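Before any comments, here is the structure.
The values are calculated or read from the model by the stated rules, or taken from the named source; none is laboratory data. What you are looking at is a predicted structure, and each value in this text was computed from that prediction instead of being measured. Reconstructed Cβ throughout: ideal geometry from the backbone, glycine too, with neighbour counts over all protein chains shown.
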Amino acid sequence: MSTPDAQHSAQLNAQNVSSIANLARLSLDDTQSSEYAQSLNKILAMMEHLKSIDTEGIEPIKSPFDHAQPLREDRVIESNHRDEYQAVAPAVQQGLYLVPRVIE
């Protein structure tokens, strides 16, 4: 079994993409497989570049904003309209809508 670094250094080709598409039950022609291979290789190269950035001493942030986001009060602002909505429904029971059985 190869190491994770060795796996990332290999380039994807159209044949790899076709194999993956086959496993996913997707139908791709040769042109699409080549295009997807190029796109995926660009994404993998960008991920490799991001891995090389030195983040030593940088604390993770909880939010991109300098201050905490204000939370609104959790309170009811609208009345319950269930009885009105269910008055026009074909069938209800104990506050639930009854629908035809679709699975035997």
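Values computed for the structure shown
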quantity	calculated
Meets criteria (assigned to a loop (DSSP other than H, G, I, E, B), touching a Leu at 6+ places or on another chain (Cβ under 9 Å), surrounded by fewer than 11 Cβ atoms within 10 Å (Cβ to Cβ) and not polar (S, T, N, Q)) for P60	no
Of the criteria (1) surrounded by 11 or more Cβ atoms within 10 Å (Cβ to Cβ); (2) of a type in the set (V, I, T); (3) under 28 Å from the mean Cα position of the chain (by Cα), which one V92 fails	(3)
Enumeration of residues in region 41-86 that are of a type in the set (V, I, T) and more than 30 Å from Y97 (Cα to Cα)	I43, I53, T55, I58, I61
Evaluation of D83 against (1) surrounded by 10 or more Cβ atoms within 10 Å (Cβ to Cβ); (2) part of a helix (DSSP H, G or I); (3) over 33 Å from the mean Cα position of the chain (by Cα) (one fails), failing number	(1)
Checklist (1) within 30 Å of Q11 (Cα to Cα); (2) surrounded by 10 or more Cβ atoms within 10 Å (Cβ to Cβ) applied to L50, failing item	(2)
Top-ranked residue in region 1-24 [being modelled with pLDDT of 90 or more and hydroxyl-bearing (S, T, Y); ranked as surrounded by the most Cβ atoms within 10 Å (Cβ to Cβ)]	S18
Residue match in region 81-95 (condition: polar (S, T, N, Q) and touching a Ser or Thr at 6+ places or on another chain (Cβ under 9 Å))	no
